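Please read the structure below before turning to the comments.
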Amino acid sequence: MRRFCPSLTDLQAFEVAARHSSFTRAAQELCVTQGAVSKQVKHLEEFVGVELFLRIRQGLVLTEAGRSYLKQVQAGLSQIEAATVELIAHQGKGGTLRLTSMPTFGARWLIPRLTAFRRLRPDIHVEFLPHRQGYDFSTPELDAAVRFGEGVWPGSGADYIVGREILPVCSPRLIPQACDEAGDLMRYPLLHHTSALEGWRDWFEQAGCDTRRALEGARFDQYSLLSQAAAAGFGIALIPRCLIEDELRDGKLIVPIQLPIRARQGYYLCYPEQKASSPTLQAFRSWLMEVSRAAEPVPDDTAPLK
């Protein structure tokens with residue numbers, strides 16, 4: 001037994017007794033005697049050196065320490081149970097990959113391609129956890145995350161997927177004819193993504209234009225909103241091509257000037273370093289890297305910004 005790890009039997013007795021506020025009802029659920037549950041909880045209290053329950057005539061009342069400990073114990077027992085159920089279900093083959101993704105990228109690019117992965121690896125189930133702005137890989141259930149940025153996150157592996165191929169786009173009603181010069185776009189309102197506020201300045205700089213007005217204009221926190229605003233005629237937006245293929249094909253958005261400019265930021269598959277060798281993650285990562293190379297080949301004469 002680990003030095004500071006109580007027995008699973010004692011922890012289960014504590015958790016059930018805490019839920020019922022009764023040793024008697026806990027014994028009924030666990031199919032043991034009331035005395036056995038009381039003894040197991042007492043053993044746990046001696047092990048941790050802290051009183052977990054107040055024994056009163058009406059039943060059991062958790063102490064402050066007991067309430068705090070209960071939350072952690074319940075989370076741990078749930079994780080053990082989930083891992084066991086998964087092992088039984090998959091018999092050691094495949095498994096579940098728990099992933100978070102930027103919402104627009106997940107809906108527009110990743111999920112439409114997952115059918116191919118399911119055909120390739122039907123034994124691996126991809127489960128999407130709630131998206132969070134900050135990704136905490138200390139959370140044991142999170143295996144990987146799709147993040148947007150420049151590809152450097154401490155303690156995390158990061159593999160580029162797509163997103164650096166960016167296009168200035170707008171409604172055909174806003175600019176009916178193609179522009180001759182990149183600087184011509186400055187005559188129209190510029191629309192920005194809040195996570196890529198340097199995008200227009202970098203783009204105009206690479207195009208050899210004045211960048212003093214590049215930060216002006218409305219800002220949106222999701223590319224789905226940004227593309228809708230551009231299609232509605234609010235202005236010109238700078239958006240990764242991978243997110244607007246449908247709008248370009250349908251003519252809702254047009255590209256007023258064609259320039260092979262690549263952005264600093266893109267979408268990355270990130271994962272905690274300690275899980276890099278996971279067979280389930282390796283299988284998904286290998287497939288995703290192959291798909292990304294086909295979706296966005298890098299031109300030989302075009303390099304990303306440094």
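The values are calculated or read from the model by the stated rules, or taken from the named source; none is laboratory data. For clarity, every value in this text was computed on a predicted model and none was experimentally measured. As a convention, Cβ positions derive from the backbone with ideal geometry for all residues, glycine included, and neighbour counts pool all protein chains shown. Just the protein is used for accessible areas: all its heavy atoms, side chains included, with ligands, DNA and RNA removed. Shrake-Rupley method; radii C 1.70, N 1.55, O 1.52, S 1.80 Å.
Descriptive notes on the structure:
- In the stretch 186-227, the residues that are touching a Phe, Trp or Tyr at 6+ places or on another chain (Cβ under 7 Å), among the small types (Gly, Ala, Ser) and under 19 Å from Arg264 (Cα atoms): Ser195, Ala214
- The listed residue being modelled with pLDDT under 85, within 30 Å of Gln228 (Cβ to Cβ) and either assigned by the TED database to the domain that holds Arg241 or open to solvent by 30 Å² or more (accessible area, probe 1.4 Å) (or both), out of Gln79, Gln133, Gln58, Gln91: Gln133
- Between Gly251, Gly233, the distinction of being more than 27 Å from Pro297 (Cα to Cα) and at pLDDT 95 or above belongs to Gly233 only.
- Considering the stretch 136-163, and only residues there that are open to solvent by 30 Å² or more (accessible area, probe 1.4 Å) and either in the same structural domain as Asp246 (by the TED database) or assigned to a strand (DSSP E or B) (or both), the residue that is farthest from Leu110 (Cα to Cα) turns out to be Ala158.
- Candidates Ala27, Ala36, Ala18 - the one that is open to solvent by less than 80 Å² (accessible area, probe 1.4 Å), among the aliphatic types (A, V, I, L, M), outside any loop (DSSP other than H, G, I, E, B) and touching a strand residue (DSSP E or B) at 6+ places or on another chain (Cβ under 7 Å): Ala18
- Among the residues making up the stretch 100-142, those that are out of contact with any strand residue (DSSP E or B) (no Cβ under 7 Å at 6 or more places or on another chain) and of a type in the set (Val, Ile, Thr) are Thr104, Ile111, Thr115, Thr139.
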